[in-house]
Amino acid sequence: MNASARIADRTADDLVAFRLVRAAMPILAEGLSSEDLAAQSMPDCSPGKWHLAHSSWFFKPMILGEEPGYRPVDPRFQTLFNSYYEALGPRVDRPARGLMTRPSLDEVLAYRREIDRRMAAWLGDGPTDPRRLYLFILGLNHDQQHQELFLMDLLNLMARSPLDPAAYPAEPRARPAQRARGGSTRFDGGLVEIGHGGAGFAFDNEGPAHRVWLEPYALTNDLVSNADWIAFIADGGYARPELWLSDGWSTVKAEGWDAPLYWRPDGDGWTTMSLVGRARVDPAVPVRHLSFYEADAYARWAGKRLPTEAEWEHAVRCRPDAFSNAFGEVWQWTTSAYAPYPGFRPTEGTASEYNGKFMANQMVLRGSSFATPEGHARVSYRNFFYPHQRWAFTGLRLAEDAPAPLVRATDRGETARFRRDLIAGLSRSPKVASPKWFYDAEGSRLFEAITRLPEYYPTRQEAALLRRVAPEWATRFGPDAALVEFGSGASEKTRIVLDAAPDLGAYVPIDISADALDAASRRIAEAYPALAVTPLVGDFLHLGALPAGIGQGRRVGFFPGSTIGNLERDEAIAFLTAARGLLGPDALFILGVDLVKAPETLIAAYDDSAGVTAAFNRNLLVRANRELGAGFDIDSFAHRAVWNATASRMEMHLEATRDMSVLFDGRRIAFRGGETIHTESSRKYTEDSVRELAGAADWKVVGFETSPAPEVALALLEA
Ligand code: SAH
Ligand code: AVI
């Protein structure tokens with residue numbers, strides 16, 4: 001192909017791209033009234049009409065105005081639609097953009113068409129100057145940025161209306177949000193390259209590519225959800241200054257924040273405003289409309305942190321498949337200040353003011369939102385806002401430091417066992433699944449969220465009771481004792497025992513959830529430097545031997561949380577018998593149980609209003625889909641919490657809401673609508689039933705203490 005044919009081809013492509021990009025904003029404006037498009041809801045926002053005009057105006061200083069013989073469409077527009085370019089003379093202050101009733105919407109649309117006509121003519125001349133061609137692509141990307149701003153600003157305006165108007169019948173987005181997949185992905189870090197270095201368009205602020213050093217870290221695979229956020233609020237997230245940066249806390253106080261932007265209390269829940277109007281907050285979807293301050297406070301509350309932008313970029317470059325909604329849902333706050341990369345050079349000329357001059361006091365966001373036009377964002381893309389701003393489509397994904405694991409991730413046998421066990425359980429009638437499979441990394445995280453729910457009393461009651469009895473019980477431990485904990489989870493209650501027994505020499509947490517065990521062991525080892533911490537990953541129903549090097553003192557078993565209630569009776573007896581063998585002749589054992597009480601209290605604890613327990617229950621299916629390639633349609637299974645008085649237990653079920661067949665391990669598993677998978681029993685005890693159980697496994701009950709209502713109990717057993 002000769003040079004002129006190549007230019008002709010490129011010109012044709014450019015023209016198609018131009019027309020496509022420029023068609024989008026008028027489509028967004030269709031169906032909105034000229035009043036909708038003229039009003040300005042706050043100084044940060046601009047009217048829709050202004051976005052339509054300004055994104056057209058941009059082609060004048062960048063391209064058309066430099067052409068010989070250029071004549072303005074209307075010389076007054078230079079001032080009216082200049083956004084922030086100092087080099088281009090005076091302009092209308094941003095807060096006054098909503099006062100521009102002239103030119104009319106029709107005049108602005110005519111202006112837009114005229115700019116489009118002139119740009120098409122310019123493209124038709126086959127421009128070859130690389131700088132101008134870059135500015136042309138910049139103009140398209142600029143238009144796309146304003147398409148998103150148009151929607152952000154429109155939503156802010158609609159949210160100011162007492163009528164809660166729906167701007168559109170459906171959310172204007174290219175693709176549905178991706179499902180949460182659970183867990184997090186770990187990266188070794190080291191010397192990595194980030195930034196835009198390759199071919200293709202990028203904004204000046206994305207380059208140059210350069211090296212950065214990353215310590216080992218992990219990034220959660222999913223965005224933080226509304227359910228997570230509700231748990232944060234319920235735990236006093238907006239009322240606890242220790243969670244907030246100083247500037248953030250001042251903003252919370254000054255603005256009276258108690259929830260994300262657009263959230264409004266409604267009965268015992270919340271509603272929020274979107275481009276389709278006001279609706280109840282859906283717990284399952286990613287949370288939106290947060291400031292950096294809120295994202296940062298949440299991360300602290302969750303015991304994690306926000307990622308740096310380099311961590312985000314490296315993770316998404318290396319493992320684009322690992323993350324749900326890396327792009328296309330919400331922009332994700334990072335802890336990186338918006339600053340120039342080493343070697344940054346602003347685009348020359350007027351466009352030098354595009355990005356670089358904003359590099360102070362703002363924070364970087366990565367990814368893209370549902371409102372970002374398809375194809376606009378990239379892995380190196382840097383969005384930025386001031387830390388208090390929250391009208392953009394913003395959310396977050398968490399990070400944490402992740403040194404090489406103490407606990408090696410579960411062996412391959414684990415997946416095989418999960419598969420076998422689940423197939424066996426689903427082949428039975430009624431269908432069952434073992435609750436131990438709830439606890440992948442996400443399941444452990446959801447359980448932690450459950451323990452903070454107002455309705456889930458057992459953790460709080462047991463921790464308070466343990467604080468009361470531990471000092472006395474600890475006097476029996478003797479020197480150099482070893483604490484062996486079964487189902488240690490986050491090892492939070494452990495601290496109460498460790499604080500009451502400073503002479504304890506060793507701690508052996510045992511848990512099936514490798515990620516939870518690793519993180520908890522690390523935290524305990526750090527907080528109790530004199531203690532020998534030796535985690536064991538695996539099923540406590542198949543106990544081997546205790547690790548070597550845990551001293552000669554008494555072995556103290558610790559099984560809190562009423563996890564024993566999750567075992568069938570014969571399993572519980574076999575477990576207690578095996579634990580007695582493992583811990584030796586002179587062992588002690590602290591056993592936590594939940595006691596029988598009013599069904600309303602129990603049912604609320606297993607069916608919380610924020611839907612966290614429902615997510616915990618459904619996570620079994622999420623995990624089966626991810627790890628075993630099963631084909632459960634998660635949304636077609638409802639969470640059920642039922643009190644079974646005869647068996648004295650709470651039961652969790654997943655109920656098929658329709659007839660369906662699920663592909664799993666090459667077979668089809670049929671579900672009738674209303675049929676359930678029984679996923680968990682939580683036995684509730686009385687003092688007598690605890691004594692009977694302990695006796696059946698040959699333990700003596702030497703202590704039994706009960707908490708105030710809602711009642712839970714701790715039993716001290718002796719071998
Ligand atoms: N002890 C903590 C956590 C209870 S949650 C508390 O009282 O709050 C139950 C814990 O037991 C989870 O961490 C889960 O991973 C673990 N677990 C459940 N079944 C298990 C099994 N069969 N073997 C080992 N750990 C198990
Ligand atoms: C870990 N286990 C004792 C919890 C319980 O209460 O049975 C798990 C749980 N299930 C629903 N909520 C909490």
Name every residue in the stretch 518-569 that is farther than 22 Å from P585 by Cβ, small (G, A, S) and within 16 Å of ligand 1 (Cβ to nearest atom), in order of residue number.
A519, A520, S521, G538, G561, S562, G565
Is there a residue being under 29 Å from P346 (Cβ atoms), at pLDDT below 95, among the β-branched types (V, I, T) and open to solvent by less than 50 Å² (accessible area, probe 1.4 Å) anywhere in the stretch 90-102?
yes
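Just one of R452, R428 is within 16 Å of ligand 2 (Cβ to nearest atom) and either out of contact with any Phe, Trp or Tyr (no Cβ under 7 Å at 6 or more places or on another chain) or of a type in the set (G, A, S) (or both); which is it?
Working: R428 fails: within 16 Å of ligand 2 (Cβ to nearest atom).
Exactly one of R452, R428 is within 16 Å of ligand 2 (Cβ to nearest atom) and either out of contact with any Phe, Trp or Tyr (no Cβ under 7 Å at 6 or more places or on another chain) or of a type in the set (G, A, S) (or both), namely R452.
This table checks each residue for (1) within 24 Å of E414 (Cα to Cα); (2) open to solvent by less than 30 Å² (accessible area, probe 1.4 Å).
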| position | (1), (2) |
| --- | --- |
| I512 | yes, yes |
| S521 | yes, yes |
| L531 | no, yes |
| A545 | yes, no |
| G557 | no, yes |
Exactly one condition in (1) closer than 30 Å to D222 by Cα; (2) buried (at least 22 other Cβ atoms within 10 Å of the Cβ); (3) away from ligand 1 (no atom under 12 Å from the Cβ) is not met by S444; state its number.
(3)
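Which of the following residues is more than 16 Å from ligand 2 (Cβ to nearest atom) and over 25 Å from the mean Cα position of the chain (by Cα): A482, A514? Please lay out each step first, then the result.
Working: A514 fails: over 25 Å from the mean Cα position of the chain (by Cα).
Within the list A482, A514, the selection yields A482.
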For the stretch 564-608, which residues satisfy the criterion of being in a helix (DSSP H, G or I) and in contact with a strand residue (DSSP E or B) (Cβ under 7 Å, 6 or more places away or on another chain)?
I564, G565, N566, A579, L583, P599, L602, I603, Y606
Residue among N566, N617 that is surrounded by 14 or more Cβ atoms within 10 Å (Cβ to Cβ), within 23 Å of the chain's Cα centre (by Cα), touching a residue at least 12 places away in the same chain (Cβ under 8 Å) and at negative phi
N617
Residue list for the stretch 1-18, filter: exposed (fewer than 13 other Cβ atoms within 10 Å of the Cβ) and not small (G, A, S)
M1, N2, R6, D9, D13, V16
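Mind counting the residues in the stretch 499-516 that are in a helix (DSSP H, G or I) and closer than 21 Å to A481 by Cβ? So that I can check it myself, show each step before the final result.
Step one: of the stretch 499-516, the residues in a helix (DSSP H, G or I) are 499-500, 514-516.
Filter again for closer than 21 Å to A481 by Cβ, leaving 499-500.
Within the stretch 499-516, residues that are in a helix (DSSP H, G or I) and closer than 21 Å to A481 by Cβ number 2.
Here's the yes/no breakdown for (1) surrounded by fewer than 15 Cβ atoms within 10 Å (Cβ to Cβ); (2) farther than 21 Å from R179 by Cβ:
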position	(1), (2)
V596	no, yes
V612	no, no
R626	no, no
R658	yes, no
V662	no, no
P708	yes, yes
Any residue in the stretch 153-176 that is under 30 Å from T350 (Cα atoms) and either in contact (Cβ under 8 Å) with a residue 60 or more places away in the chain or open to solvent by 10 Å² or more (accessible area, probe 1.4 Å) (or both)?
yes
Across the stretch 350-380, what is the total count of residues that are in contact with a helix residue (DSSP H, G or I) (Cβ under 6 Å, 6 or more places away or on another chain) and open to solvent by 20 Å² or more (accessible area, probe 1.4 Å)?
4
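Quick grid of which residues meet (1) closer than 25 Å to R452 by Cβ; (2) modelled with pLDDT under 95; (3) among the charged types (D, E, K, R):
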site: V285; (1), (2), (3): yes, no, no
site: S291; (1), (2), (3): yes, no, no
site: E294; (1), (2), (3): yes, no, yes
site: L306; (1), (2), (3): yes, no, no
site: S324; (1), (2), (3): yes, no, no
site: S336; (1), (2), (3): no, no, no
site: E348; (1), (2), (3): no, yes, yes
site: Y354; (1), (2), (3): no, yes, no
site: E374; (1), (2), (3): no, no, yes
From L140, L109, L149, which residue is over 39 Å from the mean Cα position of the chain (by Cα), part of a helix (DSSP H, G or I), closer than 22 Å to A23 by Cα and touching a residue at least 24 places away in the same chain (Cβ under 8 Å)?
L109
Hey, does the stretch 463-472 have a residue that's outside any helix (DSSP H, G or I) and near ligand 1 (Cβ under 10 Å from one of its atoms)?
no
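Quick one: is G183 modelled with pLDDT of 90 or more and either open to solvent by 40 Å² or more (accessible area, probe 1.4 Å) or of a type in the set (G, A, S) (or both)? Spell out how you get there, then give the answer.
Working: modelled with pLDDT of 90 or more: no; either open to solvent by 40 Å² or more (accessible area, probe 1.4 Å) or of a type in the set (G, A, S) (or both): yes.
For G183, the condition - modelled with pLDDT of 90 or more and either open to solvent by 40 Å² or more (accessible area, probe 1.4 Å) or of a type in the set (G, A, S) (or both) - is not met.
The values are calculated or read from the model by the stated rules, or taken from the named source; none is laboratory data. Here the structure is a predicted model, which is why all the values come from computation and not from measurement. Backbone-built Cβ (ideal geometry, glycine too); neighbour counts: all protein chains shown. What goes into the accessible areas is simple: the full protein's heavy atoms, side chains included, and nothing from ligands, DNA or RNA. Shrake-Rupley method; radii C 1.70, N 1.55, O 1.52, S 1.80 Å.
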